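Report on the following structure.
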Amino acid sequence: MTSIATPRRVLLVGNFDRKALMRHYYNTPHTLLGGFIRAGHAALAFSDRDVAREHSLLRSSRTGARRMNGLLLEAAEHFRPHLVLFFHSDLIRPETGEALRTRVPGVRLAQVSDDSVEGRRNMAGFTGRAAWLDLSFITTAEPEALRALSPKPGSVAFMPNPVDAAVETARVWASPREALALDALFMGNGSGTRPAQLAAVRAALPADIRFEASGGVFETPRMAGTAFLDRLASAAQGINLPVDDARPVPWLYSSNRIALLLGQGVLAHVPAASRQETLYEDGVVPFEGRAALAGAISRFTRDDAERRRRAEIGWRLAHGRTDAARVARYLLDACLGESEAEAYEWPTARY
């Protein structure tokens, strides 16, 4: 793969989870940090919430936010980044953005989000930041949704969920069903209609299909760290379940769950409305409704060779097309106004 000729300096600002000992090291901020480095750039992580807590007598990120904003400016002043990339940085103030442009002439400011556009609070924050940033990226490609989020023309664009080959190391597609602990798995919280969706799927599955819903839903314990990745890799099939199946999922929307499933080689079932096949082709299995999802799980359990074939396609496309270094190059291409390093398989229009 080609890379941008000139190495750049990138400052990533977000929750790098030091308080929790980086248990969520597979989340997007960490993934892109590694991606920029492997793409040949100097990348530093500024963990805004951790820094804010560390500079508050009450150990509160809110009360330490002012000091954190000042320290971010100091960090930028000595690092002199070409790009500052924010992740869900609701503690960063608009005036900090103005000060960054003054202290680091020519710097570009952008943000990344893998939140659902249905989350009003998160999207209000996203749109508010987009007003003073140069570019904003979100893992939704639906034009209407992007236009609704854009406070100015050409300021919001799609970004695929990146995969890190050093993190998603499993190759579940290479294992026969008998060698795996589960036939199908959902891991995630119990928001919206997810409990009802999963209960319906469970009731419709034959008794001999090993199915588990965990990681928060049905009051199951949350999982993190390598144990989370290992659990994903224990199942032949995984479900990328919408929060509310009464609403159509926007084109190409997913949290980083799609990257985690495909990256581990798990066959991923995805809502048909999201049209993930645009990017992953036959490497994903679209479903329309709870009964269809249960039927698809049953079908691929019975036809393990086809499950393995489709899962390998998804794994290869995810690691090839949406490798973290490649997504990092895309972000730099877009933010720095340089010619594209390569042709991308996903929508690159700005709204």
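The values are calculated or read from the model by the stated rules, or taken from the named source; none is laboratory data. The model shown is predicted, which means the values in this text are computed figures rather than measured ones. Cβ placement follows ideal geometry from the backbone for every residue including glycine, while neighbour counts extend to all protein chains displayed. All accessible areas refer to the heavy atoms of the entire protein, side chains included, with ligands and DNA or RNA removed. Shrake-Rupley method; radii C 1.70, N 1.55, O 1.52, S 1.80 Å.
Some points to look at:
- Residues that are open to solvent by less than 10 Å² (accessible area, probe 1.4 Å) and either at pLDDT below 95 or more than 15 Å from the chain's Cα centre (by Cα) (or both), drawn from the range 150-168: S155, V156
- Single condition W346 does not satisfy, out of (1) open to solvent by less than 20 Å² (accessible area, probe 1.4 Å); (2) over 23 Å from P250 (Cα atoms): (2)
- Across the range 2-60, the qualifying residues are those that are among the hydroxyl-bearing types (S, T, Y) and touching an Asp or Glu at 6+ places or on another chain (Cβ under 8 Å), and the one among them that is modelled with the lowest pLDDT is T2.
- Cβ-Cβ contacts under 6 Å between residues 6 or more apart (or on different chains), taken from a first residue in the range 253-279 that is open to solvent by less than 30 Å² (accessible area, probe 1.4 Å) to a second residue that is part of a strand (DSSP E or B) and polar (S, T, N, Q), are listed as L267/Q237.
- Condition met for R194 (open to solvent by 20 Å² or more (accessible area, probe 1.4 Å) and either basic (K, R) or under 23 Å from V112 (Cβ atoms) (or both)): no
- In the set A65, A45, A52, only one residue is without any contact (Cβ under 8 Å) to a residue 60 or more places away in the chain and within 21 Å of I138 (Cα to Cα); that residue is A45.
- Breaking point among (1) farther than 27 Å from F36 by Cβ; (2) assigned to a loop (DSSP other than H, G, I, E, B); (3) in contact with a Ser or Thr (Cβ under 8 Å, 6 or more places away or on another chain), for N189: (3)
- Looking across the range 1-52 at every residue that is hydroxyl-bearing (S, T, Y) and part of a loop (DSSP other than H, G, I, E, B), the one that is surrounded by the most Cβ atoms within 10 Å (Cβ to Cβ) is identified as Y26.
- Each residue in the range 127-147 was checked for being open to solvent by 10 Å² or more (accessible area, probe 1.4 Å) and either of a type in the set (A, V, I, L, M) or not in a helix (DSSP H, G or I) (or both), and 5 pass.
- Filter result (outside any strand (DSSP E or B), farther than 15 Å from P250 by Cα and hydrophobic (A, V, I, L, M, F, W, C)) within the range 148-173: A165, A166, V167, A170, V172, W173
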